[in-house]
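Single-structure report; data block below.
The values are calculated or read from the model by the stated rules, or taken from the named source; none is laboratory data. These figures come from a predicted structure and were not determined experimentally. Don't worry about glycine lacking a Cβ; one is built from the backbone with ideal geometry, like all the others, and counts go over all protein chains shown.
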Amino acid sequence: MTPDCDIAVIGAGPAGSVAAKFLHDAGLAVTVLEAQTFPRFVIGESLLPNCMNVIERAGLLDAVTAAGFQFKNGAVFECGPQYKSIDFRENFEPVGWGTTFQVQRARFDQILAGETARAGVDMRFGHKVTDACLKDGDCRLDFTDADGKPGQLRTGFVVDASGYGRVLPRMLGIAQPGKSIERRALFTHMRDHITDPAYDREKILITVHPVRYEIWYWLIPFSDGTASVGVIYPDNDPTFAAMTDQDIFKQLIDDTRLGILLSNAEPIRDICAIAGYSAQSGQLYGDGYALLGNSAGFLDPVFSSGVTIAMHSAELVAKALVTRHHGKPVDWEQDFAAPLSRGVDTFRAYVDAWYDGRLQTIIFNQPDDDSQLKRMVVSILAGYAWNMENPLVAKTGRYLEMLHDLCAPSS
């Protein structure tokens, strides 16, 4: 049977839109099936500079920069009296972006999907994939459309960019829980009304609880005077057993300087909660499919790595599929899974070091001089987790330990 398209993409978020745009620009026929209608609310709103390189190569830069999103050049870390401001432009990379944006994902994702559709990609919203029969060169996706009517799509290959939905991992039984302890996120959007002249809207603010370093907060300002505010804490923590989400959120915010900074803030969304968000898949590819972004696995929001990993995986899968389209062989392990995993493993090591306290020690106690080691750390925080010329990528564990020993206070 003649396929309806060369490649089917499940999901129109950053990974799906970017992959579809790359593939379409290379001459492949692509259909995107997205279960939701856009715009839709989602978090993951503080981009990293490395995202901008992919956005630029995908031909989506003009639309993103014209949107008026909040400019972002770094991050501020706070824990009680401890304070560290990091400028992403002071990184280890010889070329590439050092700045980016803080984005309302509803608008950002809609812009990427809209530009991809305008380029000529067949984007179908409200189309929920209900079943899949996968065989390289002859795949079938069953779906229901926006009116609830069943349909079917025949394609040569399926790219799953369904995010937290993890459509294929759930269908194929390869979805696995994350390896870290279960954590819970509470978050909302506020009209922040921040008047503190020392507050830097061009940086994400990461605050650590003054007593419990495993609890941390984000404050992501947007260009319209609103902000995303969230807190991460251990799930099922008995401290909060009898409390509502609203009470937990207020208490934890008031435990820090955020309570003062946001004293005049007005919530514009109800408190939302996500638990058990850390996940991974047993494999990143198989017969007729590949997994991108959060569908392949999600680590943790602490370093805003989710969209970066999504876009990097999208570019990698597009390169592999374009190579195959031109009649050249593709080794999915060497051309996709292994290079993607190198950066993901680097981020994972940093997430683990954050929660065991080592990375917090490094961040708060590193010297302010312009050293190579400092630039190597900044590169990781800016999303450059795949540059093997950076020893913190090539030998992550060893250099994390070395940095911790250098930065740890003398006893």
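Annotations
- Positions within region 45-59 being outside any helix (DSSP H, G or I) and buried (at least 21 other Cβ atoms within 10 Å of the Cβ), in sequence order: 45, 46, 47, 48, 58
- If the condition is being assigned to a loop (DSSP other than H, G, I, E, B) and surrounded by fewer than 16 Cβ atoms within 10 Å (Cβ to Cβ), then region 355-367 contributes 356, 357, 367.
- Checked against the criterion of being surrounded by fewer than 20 Cβ atoms within 10 Å (Cβ to Cβ), hydroxyl-bearing (Ser, Thr, Tyr) and free of Cβ contacts under 8 Å to residues at least 60 places away in the same chain, the candidates 350, 399 yield just one match: 399.
- Which listed residue, of 213, 164, 217, is of a type outside the set (Gly, Ala, Ser) and in a helix (DSSP H, G or I): 164
- Some residue of region 77-92 being under 19 Å from the mean Cα position of the chain (by Cα), surrounded by 23 or more Cβ atoms within 10 Å (Cβ to Cβ), in contact (Cβ under 8 Å) with a residue 24 or more places away in the chain and not in a loop (DSSP other than H, G, I, E, B): no
- All positions within region 5-48 that are of a type outside the set (A, V, I, L, M, F, W, C) and farther than 15 Å from residue 159 by Cα: 25, 27, 36, 37, 39, 40, 44, 45, 46
- Boolean, residue 12 is touching a helix residue (DSSP H, G or I) at 6+ places or on another chain (Cβ under 6 Å), modelled with pLDDT of 95 or more and assigned to a loop (DSSP other than H, G, I, E, B): yes
- Scope region 238-259; condition surrounded by fewer than 17 Cβ atoms within 10 Å (Cβ to Cβ) and either touching a residue at least 12 places away in the same chain (Cβ under 8 Å) or touching a strand residue (DSSP E or B) at 6+ places or on another chain (Cβ under 7 Å) (or both); matching residues: 245, 246
- Per-region count, region 278-295, residues more than 23 Å from residue 330 (Cβ to Cβ) and touching an Asp or Glu at 6+ places or on another chain (Cβ under 8 Å): 1
- For first residues located in region 148-159 and modelled with pLDDT of 95 or more, partners that are exposed (fewer than 12 other Cβ atoms within 10 Å of the Cβ) and lie 6+ apart or on another chain with Cβ distances below 9 Å form the pairs 154/1; 154/2; 156/137; 157/137.
- Whichever residue in region 60-72 is surrounded by 18 or more Cβ atoms within 10 Å (Cβ to Cβ) and not β-branched (Val, Ile, Thr) and, among such residues, is nearest to residue 322 (Cα to Cα): 60
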